[in-house]
1. Quick one: ranking Phe84, Phe79 by accessible area, 1.4 Å probe, largest first, what do you get?
2. Keeping every protein chain present and rolling a 1.4 Å probe, give me the accessible area per residue for the chain in Å².
3. Could you order Val77, Val23, Val119 by accessible surface area, starting with the largest, using a probe radius of 1.4 Å?
4. Please list, in chain and number order, the residues 5+ apart from Ile137 or on another chain whose amide H is under 5 Å from its amide H, with Hs placed from the backbone.
5. Summarise the accessible area of the stretch 6-142 (1.4 Å probe, protein heavy atoms) by the percent that is carbon and sulfur.
6. Whole-Hz Karplus ³J(HN,Hα) for the stretch 6-11, in order, using 6.51 cos²θ - 1.76 cosθ + 1.60 and θ = phi - 60°, x for Gly and Pro?
7. Cysteines without a disulfide-compatible partner in the chain, using Cβ under 4.7 Å as the rule?
8. What lysines could a cross-link reach from Lys109, if we take a straight Cα to Cα line under 17 Å and drop same-chain neighbours fewer than 8 places away?
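The values are calculated or read from the model by the stated rules, or taken from the named source; none is laboratory data. Predicted model only: the values in this text are computed from it and were never measured. Cβ placement follows ideal geometry from the backbone for every residue including glycine, while neighbour counts extend to all protein chains displayed. Areas reflect the complete protein model, heavy atoms only, side chains present, ligands, DNA and RNA absent. Shrake-Rupley method; radii C 1.70, N 1.55, O 1.52, S 1.80 Å.
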Amino acid sequence: MELKLSYSTKKKSDKVCELKQKVAKKYASLILLSGISCLLGVYALLYNTRYISYATAVFENRNLQSAIKTFDLIILVGFAATLFILYISLDILKKDKKNYDEHRKDLIKTINSEFCTCVDFCNCKEEYIKFMEEKGIDLIFL
């Protein structure tokens, strides 16, 4: 697509596209983390009697080393770790999404002012909006 966009519009467009890809990658990683966390949680729920016996051994001051299995300890630590990573990733995604929305709204404002370098009447705005829609970026609605 050959549009005579201003320098600032080109830079803003590149930044918005970059942020859109970053947010999409974060969503994909969150789906993976959520799946792993759910699998570990379901495993812990299926074998909850074992985990309850571990908890009672702690409160009854019995020897926990002989009661707990290494695999169960790995499952519990893995479950806690994935939940922690999921929490942090959600916070990062929220910040990235906010940053993307701010840049997208700024680009929408730019469309209405210093958009292209054309001298006469042109169709650059419409073509640009269509081009960005093809990339998955909506510039029509705030």
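1. Ranking Phe84, Phe79 by accessible area, largest first, yields Phe84, Phe79.
2. Accessible surface, normalised per residue, equals 71 Å².
3. My answer, sorted largest first, is Val119, Val77, Val23.
4. Those qualifying (amide H under 5 Å, at least 5 residues apart or on another chain) number zero.
5. Of the solvent-accessible surface of the stretch 6-142, carbon and sulfur hold 64 percent.
6. 5, 4, 5, 5, 4, 5
7. Cys17, Cys38
8. Reachable lysines: Lys10, Lys11, Lys12, Lys15, Lys98, Lys125, Lys130.
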